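Worksheet: one structure, shown below.
The values are calculated or read from the model by the stated rules, or taken from the named source; none is laboratory data. Please read all numbers here as calculations on a predicted model, not as lab measurements. When we count neighbours, we look across all protein chains shown, and the Cβ atoms used for this are built from the backbone with ideal geometry, even at glycine. Only protein heavy atoms, including side chains, enter the accessible area calculation; ligands, DNA and RNA are left aside. Shrake-Rupley method; radii C 1.70, N 1.55, O 1.52, S 1.80 Å.
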Amino acid sequence: MSTRSGAEAGNPSGSLAVLHNVKRPDAAWNEGCGPFRLHGRYGLFIAAVFLVSSAATWAQAGAAQPSIFSVLVKWTPLLFSGFLFNILISVMAMAIGTVVGAALGLGQISPNPMVRWVGYYVTQFFRNSPWLVLLFFCMLLLPFQFNLGGYTVPLPDWMKATFGLALPVMANVSEIVRGAVNSLPSGQWEAAESLAFTRRQTLWRIILPQCIKRMLPPWMNLYAILTMATVLASIVGVSEVMTLTGEVLAAEGGRGDLLVPLYAMILLWFFLYCYPIARWTVVLERKYAVNT
Amino acid sequence: MTWTPDQPMVSIKNVHKSFGDLEVLKGISFDVMKGEVICIIGPSGSGKSTAIRCINALNDIDQGSILVEGQEVNAPHLDKLELRKKVGMVFQQYNLFPHKTALENIMMAPLLVLKESPADVEKHARALIKKVRLEGKEDSYPGELSGGQQQRVAIARSLAMDPDIMLFDEVTAALDPETVKEVLVTIKDLADEGMTCILVTHEMGFAREIADHIYFTDRGVIVEHGPPATFFTEAKDPRTKEFLSQIL
């Protein structure tokens, strides 16, 4: 159905992808977030791992050892507070990254070539750096306190980690904004220009309102990815859920049989938090794909 | 030198424009008097659209002069916004703002650009909706309107700025044959009211009916021009003859 005679003549395999009439409205602005997507079956798999490993631990437990259930019950409040800390870091990093990234993205489409140049290279630099490297840079380069108008403001590790995670978020948001603006037909700019709108009016009244719904799904996808990346903060010593899990395992005397159930429980929490976001993203993508 | 209505409203002299190595306009000149209706016809790629897009500075020009009510468009510090308040433009693809209703599309520019009072703007906008025969569609979004309806909203949107000149860039080219007529009727109404109009069109019958003067462009120059009565019957240039024989 997709082959034309010209395509077949030029290509022995009989199909040239570029000639297919495939509508990919998201191609320009979704590229920053990759093909990652959460599926419900992942959650079932994680839940199964959690239940099976808990049962195995329970069955094997010696008489002298506390049962798996009492261990889980005992440590869940602590671990869950750690998990909430991860959520806090993710929300703050997302907020900072979105505000700065939006400004950077608007810089990338500025009529001023210097601003555009800076916006482009800053975005590319942070978008193409490993998240963990950026995190280490922030941990090591930012001071533990700084002076603000005579007051000494402390900068704890978790805040440094938040900044470190906000950097790649910023770069990805910048690309989402640039991509969404560029995905609008140029006729929108021309119509606004011919009605004597200034560039600022055109951007804020015509272009950006149309971009919001195009940006929302990749932005939510980015947030889900960021949430899962917050556990990187454990590597740089922030007391979030992964660090606490390691400490709980140590406190329980390094019992190997606790390892799988505990980590599976953490996985399950992340899944339960991120999966609704992923589902909602898919729903929004479908909805807006029809409208645009 | 101040412009007076007895001088040409638009005066185009020896305009050249290139896109990269491609010279699209190779010395175009014509004048449009107040109240005149001008049609520009010609084969695709002959520079028709570029020519009228230069009049409101959507394209800048490389050489030559375009005077709009005595104001030089090809000036280094042109006030584009002032120019565009005088020159309305309607596009082939309508280019309505899809996140705004028909009425909001029409009201936006007078509110934001001319800073007129909301009550006046709304009154004017509703009158324009009536004028383009779209009563009842005030609260429809562009996506809910047919192509012909969208194009009439686009015309009303331009008229809301009270322009002195209207530019129409192949405004019926993207429409179904059935809806072409409703848009042409709207343009005819405007022309009858004395609006100065410059149209790029492929509708020969319409051009013949509405135009005071017809220009035929080919490969970046005006090959031939004249009033419709003589243009269609007494064309002299072989290129014009060939084009007309294919179209008519």
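Observations on the model:
- Residues of the stretch B:81-98 classified as open to solvent by 50 Å² or more (accessible area, probe 1.4 Å) and in contact with a Pro (Cβ under 8 Å, 6 or more places away or on another chain), total: 3
- Residue match in the stretch B:32-41 (condition: charged (D, E, K, R), open to solvent by less than 20 Å² (accessible area, probe 1.4 Å), away from chain A (no Cβ under 14 Å) and within 30 Å of B:Glu224 (Cα to Cα)): no
- Every condition in (1) in contact (Cβ under 8 Å) with a residue 12 or more places away in the chain; (2) open to solvent by 60 Å² or more (accessible area, probe 1.4 Å); (3) closer than 19 Å to A:Gly237 by Cβ holds for A:Asn86 except the one numbered (2).
- Taken over the stretch A:120-146, the criterion of being part of a loop (DSSP other than H, G, I, E, B) and at pLDDT below 90 is satisfied by A:Leu142, A:Pro143, A:Phe144.
- Qualifying positions in the stretch B:171-201 - without any contact (Cβ under 8 Å) to a residue 24 or more places away in the chain and part of a loop (DSSP other than H, G, I, E, B): B:Glu193
- Apart from one condition, B:Pro110 fits all of (1) closer than 17 Å to B:Leu167 by Cα; (2) open to solvent by less than 50 Å² (accessible area, probe 1.4 Å); the exception is (1).
- Residue in the stretch B:34-44 that is more than 28 Å from B:Leu145 (Cβ to Cβ), of a type outside the set (Lys, Arg) and touching a His at 6+ places or on another chain (Cβ under 6 Å) present: yes
- Restricting the stretch A:128-146 to residues that are over 23 Å from A:Ala103 (Cβ atoms) and open to solvent by 40 Å² or more (accessible area, probe 1.4 Å), the residue that is farthest from the chain's Cα centre (by Cα) is A:Gln145.
- Filtered residues of the stretch B:141-167 (kept if of a type in the set (Gly, Ala, Ser), within 11 Å of another protein chain (Cβ to nearest Cβ) and part of a helix (DSSP H, G or I)): B:Gly143, B:Ala154, B:Ser158
- For A:Gly149, the conditions (1) modelled with pLDDT of 95 or more; (2) of a type in the set (Gly, Ala, Ser); (3) exposed (fewer than 10 other Cβ atoms within 10 Å of the Cβ) are fulfilled apart from (1).
Every residue, every condition in (1) open to solvent by 40 Å² or more (accessible area, probe 1.4 Å); (2) within 16 Å of the chain's Cα centre (by Cα); (3) in contact (Cβ under 8 Å) with a residue 12 or more places away in the chain; (4) within 14 Å of chain A (Cβ to nearest Cβ), yes or no:
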{"residue": "B:Asp169", "(1), (2), (3), (4)": "no, yes, yes, yes"}
{"residue": "B:Glu203", "(1), (2), (3), (4)": "yes, yes, yes, no"}
{"residue": "B:Ile214", "(1), (2), (3), (4)": "no, yes, yes, no"}
{"residue": "B:Arg219", "(1), (2), (3), (4)": "yes, no, yes, no"}
{"residue": "B:Glu224", "(1), (2), (3), (4)": "no, no, yes, no"}
{"residue": "B:Pro228", "(1), (2), (3), (4)": "no, no, yes, no"}
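- Filter result (in a helix (DSSP H, G or I) and within 7 Å of chain B (Cβ to nearest Cβ)) within the stretch A:173-230: A:Gly187, A:Gln188, A:Glu190, A:Ala191, A:Glu193, A:Ser194, A:Gln201, A:Arg205, A:Ile206, A:Pro209, A:Gln210
- Just one of the listed residues (A:Pro66, A:Pro111) is modelled with pLDDT under 95 and under 30 Å from A:Thr245 (Cα atoms), and it is A:Pro66.
- Taken together, the residues in the stretch B:68-98 that are within 7 Å of chain A (Cβ to nearest Cβ) and in a strand (DSSP E or B) amount to 1.
- Verdict on A:Ala250 being aliphatic (A, V, I, L, M) and closer than 24 Å to A:Ala102 by Cβ: no
- Search result, residues across the stretch B:99-120 that are part of a helix (DSSP H, G or I), at the interface with chain A (Cβ under 9 Å from one of its Cβ atoms) and more than 22 Å from the chain's Cα centre (by Cα): B:Leu112
- Selection from the stretch A:53-87 of residues that are of a type in the set (A, V, I, L, M) and within 30 Å of the chain's Cα centre (by Cα): A:Leu72, A:Leu78, A:Leu79, A:Leu84, A:Ile87
- Within the stretch A:111-127, being in contact (Cβ under 8 Å) with a residue 12 or more places away in the chain and either among the charged types (D, E, K, R) or open to solvent by 60 Å² or more (accessible area, probe 1.4 Å) (or both) holds for A:Pro111, A:Tyr120, A:Phe125, A:Arg127.
- Pair list, Cβ < 8 Å and 6+ apart or interchain, from the stretch B:81-102 residues that are within 18 Å of A:Thr198 (Cα to Cα) to residues that are open to solvent by 10 Å² or more (accessible area, probe 1.4 Å) and among the acidic types (Asp, Glu): B:Arg84/A:Glu193; B:Lys86/B:Glu69; B:Lys86/B:Asp164; B:Val87/B:Asp164; B:Met89/B:Asp169; B:Asn95/A:Glu190; B:Phe97/B:Glu104
- Qualifying residue in the stretch B:121-132 (condition: in contact (Cβ under 8 Å) with a residue 40 or more places away in the chain and part of a loop (DSSP other than H, G, I, E, B)): yes
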